[in-house]
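Each value in this text was obtained by applying a stated rule to the coordinates, not by laboratory testing. No experiment lies behind these values; they were computed from the predicted model shown. Because the Cβ atoms are built from the backbone with ideal geometry, glycine has one as well, and the counts that use them run over all protein chains shown.
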Amino acid sequence: MRAVEALRRHWPEYLIEAGLLATFMVSALGFSVLLEHPASPLHRALPDPMLRRALMGFAMGATAITLVYSPFGQRSGAHFNPAFTFTFFRLGKIEPVDALGYVVAQFAGGLLGVLAIGAVLGMVVAHPAVNYAITQPGMAGRLAAFAAEVAISFTTMLTVLVASNHPRLAPYTPLFVGALVASWITLEAPISGMSMNPARSFSSAAGARMFSSLWIYFTAPPLGMLLAAELFVRVRGLRAVHCAKLHHQNAQPCIFSCNYAKIP
């Protein structure tokens, strides 16, 4: 009964989470085509791979910022990442039923986003230079990719917890997240492909039908974020975590176990 009641009351937030990751995936694959497909004029104009990664990082960082600040992101909390959701569940800010609803919606939304852009662009997204923007280990191997994913996920989650729970920094949390996304894509992507998001990696892997290294992106991001949460709680205490939203300074309703505001 609790699951039915949660679905009845919170289905808009679940749907928003699906839409946010679908939009993120459309952006990721679209910019991957523009920057990496050999036939793209932008690819030919920018022969330096690091410069292309920097532009990709800027595009995806801007996408993340836009989604979090959007009215939809303000309403759902803009996780669009099961690792974020699971970590806030561990911190006691999300009810179990809502956590499950979010995670299911995130995986479904990411997959729908990949299918949608694939239907529009056809085989262009399947070209080896694009390959559905899959995340996979670089030349350093799987162990290095795992360690890198743990490190960037740890840093990102710790930044979110510190910023979102600080009175003056909280409104700018999305900017910090977007800057980190841009930095990781520019600097870290050659090591692991830069995921931090199991649903994002699964969606690309499903499109490309390449699942061999998917375990890295299912385990390393949650591990890194849980470690960040553990450190934050040990230093600041569990009461210092106010809410599961990445941006709470808005008039949207909040479904979480929230110290800012509660709705029935």
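Observations on the structure shown:
- Nearest 10 degrees, 0 to 90: helix 142-164 Cα axis against the chain principal axis: 40
- Coarse-grained scattering of the range 37-194 at q = 0.10, 0.14 Å⁻¹, given as base-10 log I(q)/I(0) from a Debye sum over alpha-carbon atoms: -0.43, -0.85
- Cβ-based exposure ranking for LEU121, LEU238, in which fewest neighbours within 10 Å come first: LEU238, LEU121
- Counting neighbouring beta carbons within 10 Å and listing from fewest to most, the residues SER40, SER27 come out as SER40, SER27.
- By the compact-protein rule of thumb, 2.2 N^0.38 Å, the alpha-carbon radius of gyration of the range 171-264 corresponds to a ratio of 1.33.
- Surface/4 estimate of mean projected area, convex hull on alpha-carbon atoms of the range 142-198, nm²: 3.8
- Radius, Kirkwood style, for the chain when every pair of distinct Cα atoms is counted (Å): 18.5
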